[in-house]
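The structure appears below as structure tokens.
The values are calculated or read from the model by the stated rules, or taken from the named source; none is laboratory data. These numbers come from a predicted model, not from an experiment. Note: ideal-geometry Cβ built from the backbone for every residue, glycine included; neighbour counts use all protein chains shown.
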Amino acid sequence: MANIMIRQADSGGLVFYLPKRDLEASIESIEFDSTAKWGGELKLDNGGAYYIDPIAKPPRLPISLRARRLGAAED
Amino acid sequence: MSTLSREETEALIAEVLEVYPEKARKDRAKHLAVNDQSIEQSKKCITANRKTLPGVMTVRGCAYAGSKGVVWGPIKDMIHVSHGPIGCGQYSRAGRRNYYVGTTGVDTFGTMNFTSDFQEKDIVFGGDKKLAKLLAEIETLFPLSKGSSVQSECPIGLIGDDIESVAKKASAATGKPIVPVRCEGFRGVSQSLGHHIANDTIRDWVMGKRDGQPFAATPYDVAIIGDYNIGGDAWASRILLEEMGLRVVAQWSGDGTLAEMMNTPKVKLNLLHCYRSMNYISRHMEEKYGIPWMEYNFFGPTKIIESLRRIAGFFDDSIKEKCEAVIARYQPMMDAIIGKYRPRLQGKKVMLYVGGLRPRHIIGAYEDLGMEVVGAGYEFGHNDDYDRSIKEMGNATLIYDDANGFELEQFVKRIKPDMVGSGIKEKYIFQKMGIPFRQMHSWDYSGPYHGYDGFAIFARDMDIALSSPVWSKFVPPWKKSVPEATQEPQEAA
Ligand code: SF4
């Protein structure tokens, strides 16, 4: 489990940020994206994937969450 | 010398890599690349923020340098104790030229060196007592200091001193914030982690200390984040923002104070200049206080105008109008400078090797002068820095990450730039090779380079460096061509 932060990109999409490793990547897809259920598997543009427990869609970004890495560590 | 083509640049990299033993070659190959603007993600072509290869002469600094030297050091009304042996603080003392106003030694302490001067017995028996004594002494000798920070050097982490508890006790005794910073030099691969650690300690020990307290806010409050006022940079930026009708509440951290930092959560917008060293705290403020942040670039008129307009975009029409007025007011001055220097500098080629932001930020300023950046690299940049740089740099430009002395020398020999911009460690190598050089960390005793006023100085400095008569004196008289040698013998000088 690692602390991550999700923020709104200027271009509209979501950005994933992992402070521990200073890793910044765009989120290509998010498993659940509705008001009631938001989160699940996050696919990153660098090939990595993380899982966050689905929550109600946060009213404001950025938000810090706990995430679990799926698969091997990416660069 | 014409610019190298993609193939030539690739060949050059291959040639430089040849001298390494196989394992080292494999490692270094990942850090050298030819720019390709079509790539979206830099990690496809370059690896960054990795441990330096043992045995090569890196140019990087340590985490202590990132925390004490960069982030904490310029906060002028605090005392930053270099906790550990004396050298780390003394050899880096006042080297960054962070200008500030105040009476040094009375209410400001920027250029002074405070250290616990560890001796053998402190290493053996621990230095906590010494630290406690020192913090008490500071309070007696410098009662106007607003607080202290304890910047750990390597031995502190190795012997396991408990600086947190000492700081807590001392803080309770004096009633001033005393911030323990675990920025031992061995942490991380470069000064970059030191920036991060320093940002985190500011978050934990400074931010939020004035939450809920009254503050006379205006809708136009902004903070300058990540400008260290080198040679007056932050001042040259600040006046532009003020002319535009904004109120600059805090400068982080050049010429900054503790109170300014504590008030920053009240601003409406954080303006981030050095992304690499202070994005952490901006992210934190965005999440906790909902303050948006934007990166801006005040190097050279093109980028300044772009940035001013984007900043104004966050505010109402009165600011937008004033922003246009500012741009219009300075335009004649910029035209005059470009008119004067561009003909002299047109087409000159520059290679840059700087820290974590300037290689990309400064490209615009060179281009405004008609110069071209033919090689660029970061000492301690991360991949997101390279992501941001790819589009700024020309195709087939050479990029190097954490380059070492040997590589830089080889690149410069082959690319033959008209000028190199890097730090003090590189300066004399290149000057002795006969290549004009400017220090792009500390502006070579000059500055500011930010803002409109800074651009005037920047242009002049580049011209001075390139046009200096000294470059024509590289061939000694006895090696000059024959007709000159056979002239009448001159009187001995
Ligand atoms: S690496 Fe350690 S000993 Fe060296 S300057 Fe940094 S803190 Fe001091």
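Odds and ends about this structure:
- Selection within the stretch B:177-212: residues that are surrounded by fewer than 17 Cβ atoms within 10 Å (Cβ to Cβ) and at positive phi. The member of this set that is farthest from the other protein chains (Cβ to nearest Cβ) is B:212.
- Set side by side, the residues B:69, B:102 differ, and just one is of a type outside the set (S, T, N, Q), part of a helix (DSSP H, G or I) and either within 14 Å of the ligand (Cβ to nearest atom) or more than 14 Å from chain A (Cβ to nearest Cβ) (or both), which is B:69.
- Yes/no for residue B:370 being within 23 Å of residue B:37 (Cβ to Cβ) and surrounded by fewer than 17 Cβ atoms within 10 Å (Cβ to Cβ): yes
- Residue list for the stretch B:374-386, filter: touching a Ser or Thr at 6+ places or on another chain (Cβ under 7 Å) and part of a strand (DSSP E or B): B:374, B:375, B:376
- Selection of the stretch A:45-66 for residues being within 14 Å of chain B (Cβ to nearest Cβ), of a type outside the set (Val, Ile, Thr) and surrounded by 11 or more Cβ atoms within 10 Å (Cβ to Cβ) yields A:45, A:46, A:47, A:48, A:58, A:61, A:62, A:64, A:65.
- Flag if residue A:69 is at pLDDT 85 or above, within 14 Å of another protein chain (Cβ to nearest Cβ) and at negative phi: no
- Among the residues listed as B:376, B:365, B:403, the single one being of a type in the set (Gly, Ala, Ser), buried (at least 24 other Cβ atoms within 10 Å of the Cβ) and farther than 29 Å from residue B:20 by Cα: B:365
- Residue check for residue B:42: touching a residue at least 24 places away in the same chain (Cβ under 8 Å) and out of contact with any Lys or Arg (no Cβ under 8 Å at 6 or more places or on another chain): yes
- Scope the stretch B:125-175; condition outside any helix (DSSP H, G or I) and more than 19 Å from residue B:110 (Cα to Cα); matching residues: B:126, B:127, B:160, B:161, B:162, B:175
- Residue within the stretch B:142-151 that is within 21 Å of residue B:87 (Cβ to Cβ) and away from the ligand (no atom under 16 Å from the Cβ) present: yes
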